[in-house]
Structures are given as structure tokens and as C-alpha cells.
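Q: Below you will find the structure I want to go over with you.
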Amino acid sequence: MYLNQGDDKNFMLFFVPTTLFFLAWLIKQQPQKRTWQEKQAAETSRLIFLSHPLFLESGKVFFSLGGFPLFFYTIVLTGAFLGLRKVGSHFKSYAVGFAKKTVDEKKSA
């Protein structure tokens with residue numbers, strides 16, 4: 001650590017205790033009720049976090065991309081994945097609604 005004169009020693013020394021205290025503070029916090037938009041944002045952020053490495057690594061391995069081309073490739077494919085998932089959820093909700101309507105019609109007949 002002291003051999004590299006360019007490194008910021010304060011950051012390196014206080015990173016671990018700060019992280020531990022911040023984590024302890026977060027654990028003590030009581031979660032509030034989430035609104036529908038917050039739940040949707042949390043789900044979307046999870047999807048982005050879990051899916052973008054797939055596109056990042058596929059760009060590196062299959063297309064030998066790097067730098068900005070890899071960045072834009074990852075952004076575009078992650079966005080397309082989220083868009084397709086949203087379209088799929090609309091079709092799913094339509095199919096569930098259609099099935100419920102069909103069952104209700106059979107019950108009334």
C-alpha cells in the first residue's frame with residue numbers, strides 16, 4: 001500500500017470500517033411499505049443487474065468487442081431484453097384475463 005505513492009491511503013484505510021458501520025445501519029432500518037412504482041423499479045433494477053453480465057460477456061467472447069462498442073452493445077441488448085420482458089408480461093396478463101373471462105362465461109352458461 002505504501003509502495004504506490006499515487007494511492008489514496010485515507011480511502012483505503014477507512015473503507016472497511018465505513019462499510020461495516022453503514023451495513024449495520026442499513027440492517028437496523030425498518031423497511032417502509034413500497035408503492036407499486038417502487039416495487040416495479042426494484043424488479044427492473046434486479047433484472048438489469050442480473051442480465052447485463054450475460055450481454056457483456058457475450059460481446060467480449062463472441063464479437064471481440066471492447067471499450068465503447070462493448071458498452072453500447074451491452075446497453076442496447078439489456079434494454080431490448082427488458083423491453084421484450086415487458087411485452088411478454090403484457091401478453092401474459094392479457095392471456096390470464098382472457099382465460100378468466102372464458103371461465104366466467106362457462107360458469108354463467
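The values are calculated or read from the model by the stated rules, or taken from the named source; none is laboratory data. In this text, all values refer to a predicted model and were calculated from it rather than measured experimentally. Surface accessibility is based on the protein's heavy atoms, side chains included, excluding ligands, DNA and RNA. Shrake-Rupley method; radii C 1.70, N 1.55, O 1.52, S 1.80 Å.
Q: Filter the stretch 70-103 down to the residues that are modelled with pLDDT of 75 or more and aromatic (F, W, Y), then identify the one that is least open to solvent (accessible area, probe 1.4 Å).
A: Result: Y73.
Q: Here's another thing I want to ask about it. For the stretch 57-69, check the following and say yes or no: at least one residue is at pLDDT below 85, hydroxyl-bearing (S, T, Y) and part of a helix (DSSP H, G or I).
A: The answer is no; no qualifying residue exists.
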